[in-house]
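What follows is a single structure, written as structure tokens, with notes after it.
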Amino acid sequence: MPKRALLSVSNKAGLPAFARGLHRLGFELYATGGTLRTLEQASVDARPVSDLTGLPEMLDGRVKTLHPGVHAGLLARRDLPEHLHQLEQRGLRTIDLVCVNLYPFEETATSPGISLGEVLEQIDIGGPAMIRSAAKNHADVVVVVRPERYTDVLNALQGGGVGTAMRRQLAAEAFAHTAAYDAHIAAWLRDLHREETSPFPPELTVAGSLARSLRYGENPHQRAAFYRIGPDPGGLGSARQLQGGELSYNNLQDAAAALALVAEFDPPGAVIVKHTNPCGAAVGGELADAYRKAYECDPRSAFGGVVAVNRELDAGTAEEIASVFTEVVVAPGVHPEAAAVLQHRQRLRLLEVEPVRAPGLQVRSVPGGLLVQSWDERGFDRRACRVVSKRPPTAEEWSQLEFAWVVAKHVKSNAIVLARDLAAVGVGAGQMSRVEAAQLAVQRAGDRARGAVMASDAFFPFPDAVEVGLAAGVTAIIHPGGSIRDPESVAAADQAGAAMVVTGERHFRH
């Protein structure tokens, strides 16, 4: 009995060579419209799928493989004589290999100027049906959905056949392929009417494409990889690495944290992150000035950190960065002169990526489930703030309070940030006690605490953290408020002649 392969692919990469290999191994080849034309142009002998169905393509190609001539041939179990007898009775033939990848839905949906109708036409129906049929019956049908697998499959066939383990692996890849495809369609349809639908659907689908394997995770004994969501998702998913070695799991985590904070700044800004916490953040009239102020926040912690800027990286700023051992630099653009400065730092990884605020939902895995929330996109709104001290902030203090509040939003809770001259001068991050976070921030700030402002990501449960800041010379404090001991904190500020502002909104970051 001759072997038959059905080919129907959107991505034609490597197809002619794969088809020739199958033909040499004795396969009869059948193909759908565009795939058949590609094979004919490559002088590969193939027949139209209508030879299996007995019907021409219909409805502008919408219906061509949805027929028993295809699906009976895929789903028939070879170990059941009755299945084979039914095929014979109806003049149908078995299909032994299916090579299918799907219409480019994501690429079309994200293209500018595309109409709703054009996107809908890129929702593949027959392709997923063939993939699922073949994958269900993988004991008898080899299913291939990725061009990267062509060589593996041909080698296995030449070596005596595709074994059980490989068939199951290919079937798993096939179901993952269709699941991801459907997930992208579902997300797109939800986004069309985001305001009218619940942000948390009854069934949440999260799909990504493997962008790169990583050497290891947070520790060498953990395995890790980075997945891209969509063809051009922005952020790190669209980053272009210009130089340096392989990115690590921790590099990417720190780069994500740095990008999220630097995207908050409108003026030229720079952020230095260590272990996902900013150890430096500043804005300035020029990028080099912003970086210099960010570095001065905590020079010791900046060693081996990740730097993100929100302007094209210029040569002057690159010179400043190059003077310190830095793991990763992230910028929306890199001037050729800046690239020339950094190219001698071979261990430094240079990424070109636009700072963006993440859309959609934030998803975090926990054992047995997923935690899902909207991203914390709230910025600073002075109109929502309430002055609770006797003295209101000065205009200069308001400017510094806004900056400190935005930075504190990106520091692990419990978080305290001291700022002056639109730069962080002391950061206390991730402490179990808020007063200890304040003590750390003051310690790092040193003499710079005098005349600085202080921000806390959540209310002060006791006035002790406020007193630590005031004793160091802080002149204005911002926090969400809401503690039953708020009057004690206000009294401490009033006694020191400091201003205190409450926002009514916290920014926990766990």
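A short reminder: the numbers here are calculations on the coordinates, not readings from a lab. Just so it is clear, the structure is predicted and the values come from calculations on it, not from any experiment. Positions of Cβ are backbone-derived with ideal geometry, glycine not excepted, and every protein chain shown enters the neighbour counts.
Quick rundown of the values:
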quantity: Environment charge of PHE459, counting only residues whose C-beta is closer than 12 Å and scoring Lys/Arg +1, Asp/Glu -1; calculated: -1
quantity: Summed residue charge, Cβ within 13 Å of PRO16's Cβ, Lys/Arg positive, Asp/Glu negative; calculated: +2
quantity: 28 Å Cα-Cα reach of LYS12 towards lysines, excluding residues that sit fewer than 8 places from it in its own chain; calculated: LYS3, LYS64, LYS136
quantity: Lys/Arg +1, Asp/Glu -1 at C-beta; the chain dipole; positive extreme among HIS335, GLY379, VAL324; calculated: VAL324
quantity: Computed magnitude of the charge dipole of the chain (debye, nearest 20; Cβ of K, R +1, Cβ of D, E -1); calculated: 1260
quantity: Eligible lysines near LYS390 by straight Cα distance, threshold 30 Å, same-chain separation 8 or greater; calculated: LYS409
quantity: In Å, descending, principal axis extents of the Cα set of the range 209-352; calculated: 40, 32, 30
quantity: Size of electric dipole in the range 209-352: Cβ of Lys, Arg +1 and of Asp, Glu -1, about Cα centre, debye, nearest 20; calculated: 640
quantity: Angle in degrees between helix 287-297 and the longest Cα principal axis of the chain, rounded to the nearest 10; calculated: 70
quantity: For the chain, calculated [θ]222 nm from helices alone, where every DSSP H run of n ≥ 4 adds -39500 (n - 2.57); calculated: -11000 deg cm²/dmol
quantity: Rounded to 10°, Cα long-axis angle of helix 164-192 versus longest principal axis of the chain; calculated: 60
quantity: Leading residue at positive end of dipole, the chain (Cβ point charges), from SER198, GLN243, GLY34; calculated: GLY34
quantity: Cα gyration tensor shape for the range 323-395, rounded if a/c is under 1.5, else prolate or oblate; calculated: oblate
quantity: Proxy reagent accessibility, fewest Cβ within 10 Å first, across ASP314, ASP232, ASP494; calculated: ASP232, ASP494, ASP314
quantity: Cα-based helix-to-principal-axis angle, 15-24 vs the chain, degrees rounded to 10; calculated: 40
quantity: For the range 3-191, with +1 on Lys and Arg beta carbons and -1 on Asp and Glu, the positive-most of LEU7, ALA156, LEU75 along the dipole; calculated: ALA156
quantity: The range 194-257: GluC sites (Glu not before Pro) in DSSP coil with no more than 14 other Cβ atoms inside 10 Å; calculated: GLU203, GLU218, GLU246
quantity: Residues of type lysines that LYS412 reaches as a straight line, Cα spacing below 18 Å, ignoring anything fewer than 8 places off in the same chain; calculated: LYS274
quantity: Cα-projected label distance for TYR216 with LYS390, points at 7 Å along beta-carbon direction, nm; calculated: 5.9
